[in-house]
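The block underneath contains the structure these notes are about, expressed in structure tokens.
The values are calculated or read from the model by the stated rules, or taken from the named source; none is laboratory data. Keep in mind it's a predicted model, so treat the numbers as computed, not measured. Ideal geometry is used to build each Cβ from the backbone, glycine not excepted, and the neighbour counts take in all protein chains shown.
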Amino acid sequence: MTIAVGDVQGCDRPLRQLLDRIGAASAEPLWFCGDLVNRGPDSLGTLRRVAALGNRAVVVLGNHDLHLLAAMAGARAPRRGDTLTPIIGAPDAAALTNWLRRRPLAVLQGDFLLVHAGVVPQWDALETVARAREVGDVLAGPHWGDFMTVMYGNQPDRWDDALTGDDRLRAIVNILTRIRYVDTAGRLDLTRTAAPADAPPGLRPWFDLPDRRTADRTIVFGHWSTLGLRSRPNLIALDTGCVWGGCLSAMRIESRAVFQQRCPGSAQAAD
């Protein structure tokens, strides 16, 4: 059995409480949907806690995790509201950075595919893992910092197998860590964060697109706090806005048993 955990975003105390409820001594694998860090009150503690879980923790990178890597590489300055400075100044910063940049962007196990944000309909599960590995190989390599300088941007906004170089890698990152909506022409809309009921005409959630080639697997993901907890036969959404005062949610993915821990307040709240 496997337990998947939604976006923690530096909310270390709720994470500790949730893991205590699940059972700290349990040997069940823990899948983290990405965005371990940022905006919550203890990003450093969260990163240390999850890294200390060793092989029990399976983590995919989210956009906030990549933002931390960019800051560690000197390619991106911390933004207002970030809670990354304690990590950058920590004595174990280098070790934590090296651990984080070696996490994948997608994990496939049987019928379950773990990603942070989603996939495009053109990719099946094996292609998703292969595209994720392209970025992962760069992040794990000696020149990972160079990629951080070109990773940001909303273009290209449509997947094409013919993409090459930085454009290809940037598109993969945006799909796996930022996607929510896709328009009728297949272009990613990376600006909208509202729930599907409030989406403008012409935009559809990535998981509702016709002919999605990952529909034969159950996609486990986070990223979309306004979507909330959702469980469908081929879909598990786990970002329930802990950092915004909601819950930190986890699910035993085979049985769909849910575990939740209330979070104390907004992204500005102290622990």
From Val138, Val150, residue being free of Cβ contacts under 8 Å to residues at least 40 places away in the same chain, exposed (fewer than 15 other Cβ atoms within 10 Å of the Cβ), touching a helix residue (DSSP H, G or I) at 6+ places or on another chain (Cβ under 8 Å) and of a type outside the set (Lys, Arg): Val150
What about Leu209, is it within 16 Å of Glu127 (Cα to Cα), in contact with a Gly (Cβ under 9 Å, 6 or more places away or on another chain) and in contact (Cβ under 8 Å) with a residue 24 or more places away in the chain? no
Can you tell me which residues in region 160-194 are in contact with a Gly (Cβ under 8 Å, 6 or more places away or on another chain), in a loop (DSSP other than H, G, I, E, B) and modelled with pLDDT of 95 or more? Ile179, Arg180
Quick one: how many residues across region 133-159 are of a type in the set (A, V, I, L, M), part of a loop (DSSP other than H, G, I, E, B) and under 19 Å from the mean Cα position of the chain (by Cα)? 1
Lone unmet requirement of (1) surrounded by 20 or more Cβ atoms within 10 Å (Cβ to Cβ); (2) farther than 19 Å from Ala106 by Cα for Ile236: (2)
Could we say that Gly202 is surrounded by fewer than 14 Cβ atoms within 10 Å (Cβ to Cβ), touching an Asp or Glu at 6+ places or on another chain (Cβ under 6 Å) and touching a residue at least 12 places away in the same chain (Cβ under 8 Å) here? yes
